[in-house]
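Take a look at the structure set out below.
The values are calculated or read from the model by the stated rules, or taken from the named source; none is laboratory data. Since the model is a prediction, treat every value here as computed from it, not as a measurement. Cβ: placed from backbone, ideal geometry, glycine included. Neighbour counts: every protein chain shown.
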Protein chains: 2
Amino acid sequence: MLICNGFAQGSRLLLQVLAAAGYRRLAVEDPSDDELRAVAAAAGLESVGIPVLEAGLDVEALERSGADVVLVTAAHQFPTGAVTSAQTRSALIEWATRREALIIEDDYDAEYRYDREPIGAMQGLAPDRVAYAGTASKTLAPGLRLGWLILPERLVEPMATAKFVDDRGSSVLDQLTFADFVARGEFDRHLRRMRPRYRLLRDTLVGQLAEKVPDLRPVGVSAGLHVMTWLPPDLTERDVTRAARERGVGVYGLRPYWVQNAGPEGLVFGYGSVTGPAVVEGIDLLADAIAAVRK
Amino acid sequence: MLICNGFAQGSRLLLQVLAAAGYRRLAVEDPSDDELRAVAAAAGLESVGIPVLEAGLDVEALERSGADVVLVTAAHQFPTGAVTSAQTRSALIEWATRREALIIEDDYDAEYRYDREPIGAMQGLAPDRVAYAGTASKTLAPGLRLGWLILPERLVEPMATAKFVDDRGSSVLDQLTFADFVARGEFDRHLRRMRPRYRLLRDTLVGQLAEKVPDLRPVGVSAGLHVMTWLPPDLTERDVTRAARERGVGVYGLRPYWVQNAGPEGLVFGYGSVTGPAVVEGIDLLADAIAAVRK
């Protein structure tokens, strides 16, 4: 396992090492987080967006894309909230094996599944074809700067060298603190304590949306720290996010997340650092904002 | 001030930003630490070695080199232990101003000067021409991964962006811990406690060398955590370091530090993490090793 300064450094180093090893085309979920694409471009990799379906990535589109590496948020897709089905997982691994390609599994949100047991990582199914990335940024704090990569054997040595050249190593203080936290069982206790709190926040958010702005239909499974909704045809991201911001509510559009072509309009809600009453008040204000936009 | 993961990350980001801004040729002290040259090459900068004289860098050779950025360890040169004189400092700043060049001041060892007050940083003399780099790796622990850069105004924004893209930021835990340590005066107390200990270790080392292997003449000022000596003509780095290693003594040759042409042979001794008795025993063993080589 390679310790790195969060997913940001880990994914950057991995894309640099892959580019140096001859990889050329990175497939990313469409829509997905936009920051990685800039990192891929800086590393010399072309990015191509592959539609996310309800059961995960469209593997047929991936086949056609000519990509030799794909990044997936299989446990809880960002931003759509989709979970990659067992069938899609198999198809992805089959694709990677046949093409001698690599799957980067960004497991950023796996600790928080609320309605059932979280699904296991793909890494365990094909350790030679999957580079697994975990992080403490979502479960503890992004300021901790702790992420980890579990890598296919052939990538261990080049990645260890890349990390050493990059910054010699991650903070030993952070690593020892986290290791102690895990060893004493406190990390598990923390997750068990936080799951019902986040679940309640999510249920409150979804309930408030259903009650006050029912045409913002949430999609995705009960997991993680964000919810996405599509927008009805008479509303635009630009108008709604602006009117919400004027009322002090931070809600975000999907525009930056589309890779190939802008898809339908939608909103992303984060509840990782708010309280229940703030959610209730926020959706009141959002309903007011949407009413104002519609006037 | 930009906080980074030690000098390793700070200098890498700085060289990348400079290369992107059009800088082409990095002058380094000859001899000097070899790791930076590989980083410069990866960033697309050419490296050129400039001889280190007793008063610091040979500024006339720097003039001729066509470099547009120079890295100096002005307070205590590694490995020669030279201190850059006031006259050389002025000449360097004059050079940088005239050529619109940049001086990177790697002040890694400034906290430990034993025979007099340490000389001030060049950065204070020409803040627009000097990028200053400090680190807690030598004074506290390299595992802390804390370094800092004080940058000319024009480099602040690109460097902040580069740091964010690189890994989002340095460990907040490390930063807060160090800030508290400094604010409570403990860092100053630590330095005041360590200075006489390191001075005693250095005096012991130099005294033992004079007594037991007097033809290894130490050079450089009374400062820092290392001492360099030249080797007499009948000894080679290779033979001496190998014979020492066979006796369990780690002493290092200059070969990796020469940039342009290998200069005279010499040895580097580090005393940053040894005890006084270990120094005495180590020089006994070194004398034995040299006697064996000469047999």
Residue by residue through region A:273-295, note down the ones that are assigned to a loop (DSSP other than H, G, I, E, B) and exposed (fewer than 15 other Cβ atoms within 10 Å of the Cβ). A:Ser273, A:Thr275, A:Lys295
Going by the structure shown, is B:Leu173 at pLDDT below 95, out of contact with any strand residue (DSSP E or B) (no Cβ under 9 Å at 6 or more places or on another chain) and not β-branched (Val, Ile, Thr)? yes
Please give the strands (runs of 3 or more DSSP E) falling wholly within region B:1-53 in which 3 or more residues are more than 15 Å from the chain's Cα centre (by Cα). B:2-4, B:46-53
Out of A:Val172, A:Val156, A:Val182, A:Val130, I need the residue that is more than 30 Å from A:Val274 (Cβ to Cβ) and free of Cβ contacts under 8 Å to residues at least 12 places away in the same chain. Which one? A:Val172
Look through region A:30-41, keep the residues that are among the small types (Gly, Ala, Ser) and either without any contact (Cβ under 8 Å) to a residue 24 or more places away in the chain or away from chain B (no Cβ under 14 Å) (or both), and return whichever of them is surrounded by the most Cβ atoms within 10 Å (Cβ to Cβ). A:Ser32
Within region B:165-210, of all residues that are within 23 Å of the chain's Cα centre (by Cα) and among the aromatic types (Phe, Trp, Tyr), the one nearest to the other protein chains (Cβ to nearest Cβ) is B:Phe178
Using beta carbons and a limit of 7 Å, which pairs, at least six apart or on different chains, have the first residue in region A:273-294 and within 14 Å of A:Glu211 (Cα to Cα) and the second one among the polar types (S, T, N, Q) and surrounded by 16 or more Cβ atoms within 10 Å (Cβ to Cβ)? A:Val279/A:Thr204; A:Val279/A:Gln208; A:Val280/A:Thr204; A:Val280/A:Gln208; A:Ile283/A:Gln208
Suppose we filter A:Phe78, A:Phe7 for residues that are under 21 Å from A:Tyr252 (Cβ atoms), within 14 Å of chain B (Cβ to nearest Cβ) and touching an Asp or Glu at 6+ places or on another chain (Cβ under 8 Å); which single one remains? A:Phe7
Would it be correct to say that A:Asp106 is in contact (Cβ under 8 Å) with a residue 12 or more places away in the chain, within 14 Å of chain B (Cβ to nearest Cβ) and under 21 Å from B:Phe164 (Cα atoms)? no
Selected residue [out of contact with any helix residue (DSSP H, G or I) (no Cβ under 8 Å at 6 or more places or on another chain) and not hydroxyl-bearing (Ser, Thr, Tyr)] from A:Gly134, A:Gly169: A:Gly134
Taking only region A:49-82 into account, find how many residues are farther than 24 Å from A:Tyr23 by Cβ, aliphatic (A, V, I, L, M) and surrounded by fewer than 23 Cβ atoms within 10 Å (Cβ to Cβ). 2
List pairs: first in region A:70-96 and more than 17 Å from A:Gly134 (Cα to Cα), second among the acidic types (Asp, Glu) and part of a helix (DSSP H, G or I), Cβ under 7 Å, 6+ apart or cross-chain? A:Trp95/A:Glu63
Positions within region A:134-164 being among the small types (Gly, Ala, Ser) and within 14 Å of another protein chain (Cβ to nearest Cβ), in sequence order: A:Ala136, A:Ser137, A:Ala141, A:Gly143, A:Gly147, A:Ala162
